[in-house]
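Here the structure is laid out as structure tokens; the discussion comes afterwards.
Here, each number is a calculation from the coordinates, and none is a lab measurement. What you are looking at is a predicted structure, and each value in this text was computed from that prediction instead of being measured. We place every Cβ from the backbone using ideal geometry, glycine too, and count neighbours over all the protein chains shown.
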Amino acid sequence: MAAPRRRTVRDLRRGNRAVVLSKLYFDGPLSRQELGPLTALSSGSISNVVAELVADGLVEEAGSVDSDGGRPRTLLRVAPRSGHLVGVDVGETRVRVELFDLALGELARVDEPLPEAARDGRCDAKDVVRLVTAGLTRVLADAGADPGSVIGVGIGVPGIVDASGAGGAVVHGQTIGWDAVPLEAMLRAPDGLPPELAPDVPLFLDNGAKTLGHAEMWFGAGRGARNAVIALIGSGVGACVIADGLPYQGASSSAGEWGHTVLRVGGRACRCGARGCLEAYVGAEALLARWREAGGDWTAADEEGALAELLEDPSTADLLDETAEYLGAGIADLVNLFNPERIVVGGWAGLMLGPRLLDQVRRAAASYALRHPFAQTTVELGHLGPDAVTVGAATLPLARFLETGGARSSPL
Ligand SMILES: [Zn+2]
């Protein structure tokens, strides 16, 4: 009978640490006196938990405030330098690795282009592993960070991530030619993650649109919403559906593949092999292809530069009008299917197109959506900029860290 009781006490302690740590993380700095009513813990429990978290180096003092006639109250916050987080964005043309402190302040970043073949839907997962590994080594060295302080590595990928199998997360990236690629196992292999990182460093893989969704929900345009859709428009198109505060996953984590919903039966060929997908009209790659078919051309070497040229070219007005209508129709589908209170358009291409197209997109969405749910929805741009996928990837280990009350590795 002793074992269950011990476990219960430990669970309670960890739960209290998690509550205090999360409150300080999201709402800090706070005094011990403020933490009481915010956490529903007794002042004695608050004192004990705070003392422990301070002793562990996770919480530090952050000045003081006067209290009415009494002693000044010490403010507490999560110590930003008490650990490091890594966010990785495996894009379709490059791999970006960023090192953050615990407050998600950026300390170092590396951008590495993928080989040319990756851009033709033939992305070799070995190249991705090599670039992630090299990037990790570089950002740790550039920031002078102790590899032992890395709490975890979050990786956003352009595909469906199935983490249900025993061998680690597997990626189904139909548009980049990945069919059940065992990316987690490849990263864990001896020639995977850099040797300076602990072999059991927590790794979290998720779809890039979902990591963007995490970031916007925690820190950006989605904050405070219970039902929202965060749309990612980059080379391709994806979405993260937040239902009652949580990402909606579906049976095998593929929910939210909005880019491959059909907008025109028998329409343009999509990279997924089907026809008429939303992505085949409004993804940056497709938009550039449509411009080229209409006689357009550009000088920039990358898609970002090419899309900037497209936006500046006076001949593209009709193409952009049509794109706004397609995107509006796609958004109307989201409104009718999910009844979100907020739709956030992010991703590098979404943020480039947004300032020019958003009003048109809203008008188009209004004309295609049912009136009642559309009236409850706002359509706005993401707040976190084009780098939000890496921030969101880093929130994956951060979420685990907060949930476990600051545990460095496996919670059990
Ligand atoms: Zn498709």
Quiz item: What distance in nm separates the simple spin-label points at A166 and S149, each placed 7 Å from Cα in the Cβ direction?
Solution: 3.9 nm
Self-check item: Helix-only mean residue ellipticity at 222 nm for the chain, each DSSP H run of n ≥ 4 adding -39500 (n - 2.57), per residue, nearest 500
Solution: -13500 deg cm²/dmol
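Among I151, I242, which comes first, then next, by fewest other beta-carbon atoms within 10 Å? Before the final figure, lay out each step's value.
Working: I151 22, I242 27.
Ordered from fewest to most neighbouring Cβ atoms within 10 Å, I151, I242 come out as I151, I242.
Going by how many other Cβ atoms sit within 10 Å of their own, how do L232, L197 line up, fewest first?
Numbers: L232 34, L197 19.
Going from least to most buried by this count: L197, L232.
Could you tell me which of rounded, prolate or oblate describes the range 224-383, using a ≥ b ≥ c as the square roots of the eigenvalues of the alpha-carbon gyration tensor, with rounded for a/c under 1.5 and, failing that, prolate when a/b is larger than b/c and oblate otherwise? Don't skip to the end; give the middle numbers.
On the way: a/c = 1.75, a/b = 1.55, b/c = 1.13.
Prolate, because a/c is 1.5 or more and a/b exceeds b/c.
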Exercise. Please report the relative contact order for the range 153-251, taking Cα pairs under 8 Å with a sequence separation of at least 6, and give it as a percent rounded to a whole number.
Key: 22 percent
Exercise. Name the residue, out of V95, V128, V181, whose mean-square fluctuation peaks in a Gaussian network model built on the chain with Cα pairs under 10 Å.
Key: V181
Quiz item: Cα-based Rg (one decimal) and Dmax (whole number) for the chain, in Å?
Solution: 22.9, 77
Quiz prompt | Nearest 10 degrees, 0 to 90: helix 284-293 Cα axis against the chain principal axis | solution = 10 degrees
Quiz prompt | Over 20 Å [Cα-Cα, the range 307-412], rounded percent | solution = 53 percent
Quiz item: For the range 205-216, in order, what is each residue's ³J(HN,Hα) by Karplus, 6.51 cos²θ - 1.76 cosθ + 1.60 with θ = phi - 60°, in whole Hz (x at glycine and Pro)?
Solution: 10, 8, 4, x, 5, 6, 5, 4, x, 4, 5, 5
Quiz prompt | For the range 88-97, Karplus couplings with θ = phi - 60° (6.51, -1.76, 1.60), whole Hz, Gly/Pro x | solution = 10, 10, 7, x, 8, 10, 7, 10, 10, 10
Quiz prompt | Farthest positive-ward along the chain dipole, Cα basis, beta-carbon charges - from S149, G273, A209 | solution = S149
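Averaging over every viewing direction, what projected area does the convex hull of the Cα atoms of the range 2-81 cover, in nm²? Before the final figure, lay out the partial values.
Values: hull surface 23.6 nm².
The Cα convex hull of the range 2-81, projected and averaged over all directions, gives 5.9 nm².
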Practice problem: Just rank I343, I155, fewest to most, by other beta-carbon atoms within 10 angstrom. | Solution: I343, I155
Self-check item: Phi to ³J(HN,Hα) by Karplus 6.51 cos²θ - 1.76 cosθ + 1.60 over the range 122-128, Hz, x for Gly, Pro
Solution: 10, 7, 7, 4, 5, 4, 5
Quiz item: On full extension of the chain, what length is gained from E61 through R356, given 0.36 nm per residue of separation minus the C-alpha to C-alpha distance?
Solution: 101.7 nm
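With a cut-off of 8 Å between alpha carbons and a minimum separation of six or more residues, what is the relative contact order of the chain in percent? Working shown, then result.
Details: 829 pairs, mean separation 68.8, N = 412.
Relative contact order of the chain: 17 percent.
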